[in-house]
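See structure below.
The values are calculated or read from the model by the stated rules, or taken from the named source; none is laboratory data. Keep in mind that this is a model prediction, so the values were computed, not measured. With ideal geometry, Cβ positions are generated from the backbone for all residues, glycine too; neighbour counts draw on all protein chains shown.
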């Protein structure tokens, strides 16, 4: 399964890239996940970050990993929670999409994310988890990569474990359906003399399970 939710310290993850929940200036390296990553990587990381010119909310930038056990650190800036009516869910989803696009661009096979914006930025943890799983799940339907969602908080980890069962079934069903469609397309392209044999091996595709999407409006009304 290419998506795994783990309870760990993200600076200990042996992956190609870890994602840093950074601030817009990229020059602080203060508290939370940001501070932990900078302390583990060493001062060279902050020096490189200062040369990047900051980062907008929902975007991502990449640096070396330095003393960390990863090749790269991908820095992304999450939104501050303002009640859910200001596009926070879409901005948060953009953090995951931008980071995964950078990882793909740099040939990363494994990436570890923290639960972005769920600390001092105040994003409700259950909604932050749902948004993360939605965005990562969509990416994994189209790309092969191992993605870890690294959660240190016990309560958030327990919530994530419940959501994980849903996304596992969703990705497995969708992946099976997509691969069956690809096999059908290949069979239609085989030479005429092989067509009878190909038809005898036709594989019926699995149905894709409806998966509830993140909705800030729904979460706000429930709060």
**Q.** Candidates 137, 160, 122 - the one that is touching a strand residue (DSSP E or B) at 6+ places or on another chain (Cβ under 6 Å) and at pLDDT below 95
**A.** 160
Q: Only one of these is modelled with pLDDT under 95 and buried (at least 22 other Cβ atoms within 10 Å of the Cβ): 112, 128, 60, 103. Name it.
A: 128
Q.
One residue is enough: does the range 73-85 have a residue meeting the conditions under 18 Å from the mean Cα position of the chain (by Cα), surrounded by 21 or more Cβ atoms within 10 Å (Cβ to Cβ) and more than 21 Å from residue 134 (Cα to Cα)?
A. yes
Q. Can you find even one residue in the range 8-18 that is under 20 Å from residue 131 (Cα atoms), in a loop (DSSP other than H, G, I, E, B) and touching a helix residue (DSSP H, G or I) at 6+ places or on another chain (Cβ under 6 Å)?
A. no
Q. What number goes with the only condition from (1) free of Cβ contacts under 8 Å to residues at least 24 places away in the same chain; (2) touching a strand residue (DSSP E or B) at 6+ places or on another chain (Cβ under 8 Å) that residue 35 does not pass?
A. (2)
**Q.** Any chance residue 5 is at pLDDT below 95 and not in a helix (DSSP H, G or I)
**A.** yes
